[in-house]
Each structure stands twice: as C-alpha cells, then as structure tokens.
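Each remark here refers to the structure printed beneath this line.
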Amino acid sequence: MSAGRTTRRLPFLITILAGSFLLFMVQPMVARLALPDLGGAPNVWNSAMLVYQALLLGGYAYAHVIGRLAFRTQVIGHLVLLGLAAMTLPITLADIGEQAQDMATFWVPLLFLMSIGPLFFAVSAQAPLIQRWFGAVPDADDPYPLYAASNFGSFAGLFAYPLLLEPYWAVETQTLAWALGYGALIALTAWTGWSMLRARGASGERAVASAAVAKPTSEKPSTRAILLWLALAAVPSGLMLSTTAHLTTDIVAMPLIWAIPLGLYLLSFTIAFADNRRLAFMFCLIAPSIVMLVGGLSLTGASNLPLMAGLASVVMLFVVAVALHARLFELRPAPDRLTFFYLVMSAGGALGGVFAALVAPTLFDWVWEHPILVLAAAALLPPLAWFDWPRGRGFDARQKRTVGLFILLIAAIAGAVLFRLDPNQDQLLRALLYSLIALCGVLLAFDRRFFTATLAIAMLSMGGVPSIETSLSGARDRSYFGVYTVRSDGVQRTLAHGTTLHGAQMATPARRKEPTTYYGETSGIGLALRAAAPDARVGVVGLGVGTLACYRRPGQRWTFFEIDPLVVDYSREGIFTYIRECAPAADMVVGDARVRLAEGAADRYDLLAVDAFSSDSIPLHLLTTEAMATYRRSLAPGGVLLVHISNRYIDLEPSLAALADASGMAAMIRRDNPEGGWPLTSSWWVALAEDQATLETLSRSTEQPWYRLRNDGREAWTDSHASILPYIEWGEVFSAK
C-alpha cells in the first residue's frame, strides 16, 4: 500500500478504532453503574445485552439508511446525531419511576434503553458508516478490512474496562473519562467526514459530494446469499455465549471467564477481515481438526482437567469464529452494498445472541445450545480444495459418496465400542478410539453431511447418551440463574449448580436433619446459630437446599432470601426436606437480597447470614460499604452478621477486613476444617458486629477458636469502586482440578 493511500486511510482507521473502543467499554460500565439498584441477578446482564444488541442492530440500520443520502448530508446529519446524543452526558441511570415486581422483564430493559440508548445508538453506527465514507474516497482500497480495526478496538475496550478502569477509578470518574472520549470521537468524526469530502472534491467530484449518492449498481444479493450471511454471523455469536455457559456450567468456574469468549469473538473479526489472508486461511485449514477433537467433547460434562478443557473450548470458539467470519468475508458484496451487508451481519449476531441467551434457557434443561451450535458450525465451515482429496484422486460423485459412507461406518463402529467402555478405566483405549473417530471426521471434511454426522457420533459416544438420559429423567432443571442437577443414591441427595455443589442432605430418616457441607456444627454459622437466643429473629441470604433451617428452634422467626425461584421450589416442594421439616413457617423472599433488605424495616434481625457466594460468583454489590450499611440497618442492637467467604479462586478475607474497618465494625473469622470428611467440608465464616464485646460473647459461647481477620491495608469496596482482580488467587486458578 502506498504512503499516500495510508495517509488517506488514517483518519478513517483512527475514528473507527476510537468508536469501537468506547462502544465496548461502555457496556460493562453501565451494567456496573446499575448493579446496586438492580442487584446481581444474571437476568439483569441478559437484559443489558439484549438492549445492546437491539441498539447495535438499530445503529447498523441507521447507517444503511443514511448511506443513501448525499455524502455532505451524511456527515452533517451524523454529527448532529452525535451532538444530540451528547446531551445525555454524563452517563447516569435514567429516572423512570419505581420498578413493579411483576414488570421487571420490561422495566429493566427500559431502564438501560433510556440510560444509554441515544449514545449507544449513535456510536454503534460509526463502524459501518465510516467504512462507507472510506469506500467513497476516489481510488480507495477495499473498505472491508477496516472492520478488522473496528473489532480490534472493541476487543481493546472490552478488556480495558476490567483491567484498567474498574480497578483504579470510581464509577463517577469512569463516566467522566468516557464523556471526554466521546467528545474526542465527535472531533474525529468531523475530521474523517471533512477528509472524505475534500478527497472527493480534489478529484473533481465536488458536485457529487453535495448531490444524492447513486443507488448501488452491483448485483443484488440473492435470498440464499442473505440467509447464508445470517447463519455465518449467528452461529459464532451464539457459540460465544454458549461457550461461556458451557464453561461455567460443566467445566470450570473461573473469574472473569465471560470476558474471554467475548474478547476472542471480537478478535476473530480482526483476523477474518484482514488485508492479508494467510492467517485466516491457516485458521480455516485447522478448523475441521479442532472441531472434531474439541467439539466431540461438547456433551462430556465436567472434566478431571477443567483448565485444559476450558482452554480447549475457547480455542475451538476462536478457530471456528475466525473460519466462519473468513467465509463471510469471502462472500461479501461490492462496497456499494457494504452497509446492507453489515446490517444483515448485525441481525445474524442478534439472532445468535437471542437464541443462546433467551430462547435456549427457556427450551432446554441444560446447555444443549452448545452442541447444537457446534454441529451448526461444522456444517458451515468454509470449503477448501485441500480437503477434497477424493476429487484429487479422480473419484466421481458416486465413488466419493461410497468412500464417505465407508469411513462413516468405521466412525460409527468406533463410537459404539467407545460408548461401552468404562470412563474411569481403559483410558488409553478410549483415547485411541476417539482419535480414530476424529481422524474419520477430518477425512470426511470434503462432504459437510458426512463431517457433521461423524461429529455427532463423537458427541454421543463421549457422554452424549448419559446427558440425554439425565434430561429425560427429569433430574436436571434450568433457570436464567444456571443449570441444577439433583442426584440421589439412597444414601444422600445433592444439588449441583454446574460444577459447584449447592447443598446436600442425607437420605435416611435418622440423618435427614443433619447439617452438611459448609454448615456443620463446628462451622462459623453453625456455632453462631447454636448460640442464638431462643426467640432470635434470623435472616439468611442464599437458600441453597435449606440446610441452615435445621438449626431453627421453636420461638425463633426465620426469613430466607433467595434470588432464584427454582431453588425455592427444590426446598419447599422438591426432594430436599430441610425447610418442610425444620422451618415450614419461615418467610421466603424471592429477589436480590440487598434490594429486598433495603426495602424492609430496620432492626429486623438478631442474626443475619449472607451466603450468596459460590465458586467465582461474587456479587460485588453485596460486599460494598453501601451494602454493609444496609446489613447494619437490618440488624437489631447487639445483632451479628455472618458472611460466608469460602471460595476456590478468590481470597475475600482482606475484603471483609477492609469493609469492617470502613464501617466501624468488629470482625473475626472461623476457619473450620471438620474431622471425618464428607458430608462436611471446610468453610470460612466471618462474624461482624457493632462492638467487640458482642463478638467476644459469641466466641466464649461457642468454645471454638475464632481469629482476627487478616488485613493487608487495601481499600474497602464501594458501589462506585470495586474490582475482584486484586483478590484472585491465580495459582489456584491455574492449578484447578
């Protein structure tokens, strides 16, 4: 590319990078801003993503429509739109009145739409519109590779927020910095528009610059081509969300894992739409092997090597996304239909997101969307002449079909043998058979039907049948909050939330009321409840299977707070009997605990237990100084707050110590390592009270050691400034088993 062309491209490149950077930085920022008011429910994030996708689609539609106007009109009109949207700065939550409990499904999206809608809509149109302007420059290069820069900017913005902004800046500072960036974006857009108009005028097209833009002259894409564009955009989008759900449900729960698939999805466009096609070709070349080797394990479930399984899943997502987006790039229309192409792409991405985030949780009891989308990806991989080895050997269509059926038969036989082997034994033979099936699949890459069928065989032989049987048995349920599996072997009943044990109950009548897991009699919460007064008022945040109810005594009044109605059903009407047998009259409050406690009366509880943290699921809004103020308001004079901080990956003890200091409360910790093993597990519980005397009374009454919290001097989390990054135990993450 000549120096002159590079110079002409520069303003367009910088403007696209800046717009995409701001666009993907504002998404987590606004959701973070809304967290204290809306709570940490996953459906809040789903609502946010739904609004973002709708606004992105709207922005692309606007870019397509305005692209039909005169170029000068486009520039002036878009600058006016950016200026009007700037009137909503700085970013704050809109005041749309009180939330009606039965209208949350509509109220939450409306809140996001009113808060960020104008800004997000205006910025989302930047990438396709600026590329359209670049394509209007005389002798310009292909504008499509600028989409690679757009997605690199999105990738950078996505990770800049949790890594650079959130750990160091308060939310108010973040929104101010974003507003300044938005002002710079308006200036960059004006510079880009002026550059485009000047270039057209300098080439003798000044009249054209102020006249109506000619209608597209290239051949109109067929309906089949449009549907293929939709599919090639929808599958990677859905696969990105399903990979996240698959990882957190059945592989390993790692901190910030949601950002990794999304980041790789964005980065895939950078490779797929790049000027240099070599790297994209390499991804297309290895895609069938990766899909067969990794995609065949999509129904396997939990792994003994979760980190490796998680890494393999995100590698497959990245390779597949690059391959499908590369095929999409190869099928792109002429530049005069660029905005329509991006509009279809955006619609496809939205369809994939809606399927994975909204439709699938309603239809399926498990993350079945993941294997479905993997199969769809296999059927859409780009065809390469290199894979059509039968044709290279002179085979005609009939001979190719015969060879394909023979290889497919070999894969089916290997799959049948593999299915009958014990997963805990014959590891070498299982690996060899699975490798044979994968090899058959790669050999069949010349035919999409045979290739996809072989992948289905691999899935079924590696855990697919047991997964289907579990769903058919009714032992598994799914809500927007996760996938729950109930298991009962006659000795015990367990409730698993993905790979995390949610609770357990012994099945025999003599042991049904026995506390288990983190709630044994020597645990911090067990000691505190046993020491509570006979007429104590007890509040519990996080129901689980209701294990703590077994500590209730006559005369005590109990209230449980649970965000997921499905969990309430397990404990009140399902297989777990703690609530029914020990605290049938307990109040059950469904919703985000912090929001519900703030709505309730003050001085309500003598003991309040917060047990809403499991694995990496740390609702930050429940561990801020503002949340602590809500807890203190809910505690009666002399009351005790118990917080469960057992965690595989995050060290929450310094955070609780900082909160205690900031709130002026005394605190101590009980690290329990019960003897005898299962059904008891180790646990860490922190007790907090208004004064040290209350805690000393608790410590003396339990006759078990409590210790002072470890305080490393970090600042307490607040609603405007909180990040888990400094507290992650990275050694535990990378040694996860």
Determine whether Val291 is within 17 Å of the chain's Cα centre (by Cα) and either under 28 Å from Leu472 (Cβ atoms) or part of a helix (DSSP H, G or I) (or both).
no
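Give the number of residues within the stretch 492-510 that are in a loop (DSSP other than H, G, I, E, B) and within 27 Å of the chain's Cα centre (by Cα). Reasoning before the result, please.
First, pick out the residues of the stretch 492-510 that are in a loop (DSSP other than H, G, I, E, B): 498-499, 507-508.
Add one more test, that the residue is within 27 Å of the chain's Cα centre (by Cα), and what stays is 498-499.
Total meeting the criteria: 2.
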Residues within the stretch 587-614 that are charged (D, E, K, R), more than 24 Å from the chain's Cα centre (by Cα) and more than 26 Å from Leu527 (Cα to Cα), tallied
2
Could you please let me know if Val538 is part of a strand (DSSP E or B), within 36 Å of the chain's Cα centre (by Cα) and either not charged (D, E, K, R) or not assigned by TED's automatic domain parsing to the domain that holds Val610 (or both)?
yes
Can you find a residue in the stretch 728-735 that is under 30 Å from Leu163 (Cβ atoms), of a type in the set (A, V, I, L, M) and at pLDDT 90 or above?
no
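What number of residues within the stretch 469-491 are in a helix (DSSP H, G or I) and either touching a residue at least 24 places away in the same chain (Cβ under 8 Å) or surrounded by 17 or more Cβ atoms within 10 Å (Cβ to Cβ) (or both)? Write out each step before concluding.
Let us first name the residues in the stretch 469-491 that are in a helix (DSSP H, G or I), namely 469-473.
Checking the rest, the ones that are also either touching a residue at least 24 places away in the same chain (Cβ under 8 Å) or surrounded by 17 or more Cβ atoms within 10 Å (Cβ to Cβ) (or both) come to 470-471.
Residues flagged as in a helix (DSSP H, G or I) and either touching a residue at least 24 places away in the same chain (Cβ under 8 Å) or surrounded by 17 or more Cβ atoms within 10 Å (Cβ to Cβ) (or both) within the stretch 469-491 amount to 2.
Would you confirm whether any residue within the stretch 689-702 is acidic (Asp, Glu), crowded, with 19+ Cβ neighbours inside 10 Å and at pLDDT 90 or above? Reasoning before the result, please.
Keep residues of the stretch 689-702 that are acidic (Asp, Glu), which gives 690-691, 696.
Remaining after also requiring crowded, with 19+ Cβ neighbours inside 10 Å: none.
Checking the stretch 689-702: not a single residue is acidic (Asp, Glu), crowded, with 19+ Cβ neighbours inside 10 Å and at pLDDT 90 or above.
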Quick check on my filter: what residues within the stretch 628-673 are in contact with a strand residue (DSSP E or B) (Cβ under 9 Å, 6 or more places away or on another chain), more than 10 Å from Trp685 (Cα to Cα) and among the small types (Gly, Ala, Ser)?
Ser634, Ala636, Gly638, Gly639, Ala657, Ala660, Ala662, Ser663, Ala666, Ala667
Which one of the conditions (1) of a type outside the set (Ser, Thr, Tyr); (2) free of Cβ contacts under 8 Å to residues at least 24 places away in the same chain; (3) within 24 Å of Leu641 (Cα to Cα) does Asp569 fail to meet, given that it meets all the rest?
(3)
Boolean, Ile669 is of a type outside the set (Lys, Arg) and in contact with a Pro (Cβ under 8 Å, 6 or more places away or on another chain)
no
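Tell me the residue from Asp651, Asp672, Asp611 that is surrounded by fewer than 18 Cβ atoms within 10 Å (Cβ to Cβ), under 22 Å from His502 (Cα atoms) and touching a residue at least 40 places away in the same chain (Cβ under 8 Å), please. Walk me through it before giving the result.
Working: Asp672 fails: surrounded by fewer than 18 Cβ atoms within 10 Å (Cβ to Cβ); Asp611 fails: surrounded by fewer than 18 Cβ atoms within 10 Å (Cβ to Cβ).
Just a single option satisfies the conditions, and that option is Asp651.
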Could you please tell me which pairs satisfy a Cβ distance under 7 Å, a separation of 6+ or placement on different chains, a first residue in the stretch 453-465 that is in the same structural domain as Ile437 (by TED's automatic domain parsing) and closer than 19 Å to Gln427 by Cβ, and a second residue that is of a type in the set (Lys, Arg) and in a helix (DSSP H, G or I)?
none
Within the stretch 531-566, can you find the residues that are touching a Gly at 6+ places or on another chain (Cβ under 7 Å) and in contact (Cβ under 8 Å) with a residue 60 or more places away in the chain?
Gly544, Ile563
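Could you please let me know if Leu623 is closer than 21 Å to His502 by Cβ, among the hydrophobic types (A, V, I, L, M, F, W, C) and surrounded by fewer than 22 Cβ atoms within 10 Å (Cβ to Cβ)?
On the way: closer than 21 Å to His502 by Cβ: yes; among the hydrophobic types (A, V, I, L, M, F, W, C): yes; surrounded by fewer than 22 Cβ atoms within 10 Å (Cβ to Cβ): no.
No, not satisfied.
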Residues within the stretch 345-403 that are surrounded by fewer than 19 Cβ atoms within 10 Å (Cβ to Cβ), assigned to a helix (DSSP H, G or I) and of a type in the set (Phe, Trp, Tyr), tallied
2
Can you tell me which residue in the stretch 95-113 is modelled with the highest pLDDT, limited to those that are aliphatic (A, V, I, L, M) and surrounded by 15 or more Cβ atoms within 10 Å (Cβ to Cβ)?
Leu113
Hits in the stretch 415-444 - residues which are part of a helix (DSSP H, G or I), free of Cβ contacts under 8 Å to residues at least 40 places away in the same chain and within 15 Å of Gly463 (Cα to Cα):
Val417, Arg420, Gln427, Arg430, Ala431, Leu433
Matching residues in the stretch 573-607 (closer than 18 Å to His502 by Cα, modelled with pLDDT under 90 and β-branched (Val, Ile, Thr)) number 2
For Asp603, are the conditions met, namely being charged (D, E, K, R), under 21 Å from Val643 (Cα atoms) and touching a His at 6+ places or on another chain (Cβ under 8 Å)?
no
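Does Asp336 satisfy the criteria of being touching a helix residue (DSSP H, G or I) at 6+ places or on another chain (Cβ under 8 Å), part of a loop (DSSP other than H, G, I, E, B) and surrounded by fewer than 21 Cβ atoms within 10 Å (Cβ to Cβ)? Reasoning before the result, please.
Values: touching a helix residue (DSSP H, G or I) at 6+ places or on another chain (Cβ under 8 Å): yes; part of a loop (DSSP other than H, G, I, E, B): no; surrounded by fewer than 21 Cβ atoms within 10 Å (Cβ to Cβ): yes.
The answer is no for Asp336.
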Give me the residue from the stretch 484-539 that is in contact with a His (Cβ under 9 Å, 6 or more places away or on another chain), at pLDDT below 90 and of a type in the set (A, V, I, L, M, F, W, C) and, out of that set, farthest from Tyr649 (Cα to Cα).
Leu495
Of the residues that sit in the stretch 677-722 and are among the acidic types (Asp, Glu) and in contact with a Pro (Cβ under 9 Å, 6 or more places away or on another chain), which one is farthest from Arg594 (Cα to Cα)?
Asp712
Of all residues in the stretch 445-482, how many are in contact with an Asp or Glu (Cβ under 7 Å, 6 or more places away or on another chain) and more than 30 Å from Pro390 (Cα to Cα)?
6
State whether the residues of the stretch 588-598 include one that is surrounded by fewer than 19 Cβ atoms within 10 Å (Cβ to Cβ) and within 23 Å of Arg512 (Cβ to Cβ).
yes
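The values are calculated or read from the model by the stated rules, or taken from the named source; none is laboratory data. Predicted, not measured: the structure shown is a model, and the values here were computed from it. So basically every Cβ, Gly included, is an ideal-geometry build from the backbone, and we count neighbours across all protein chains shown.
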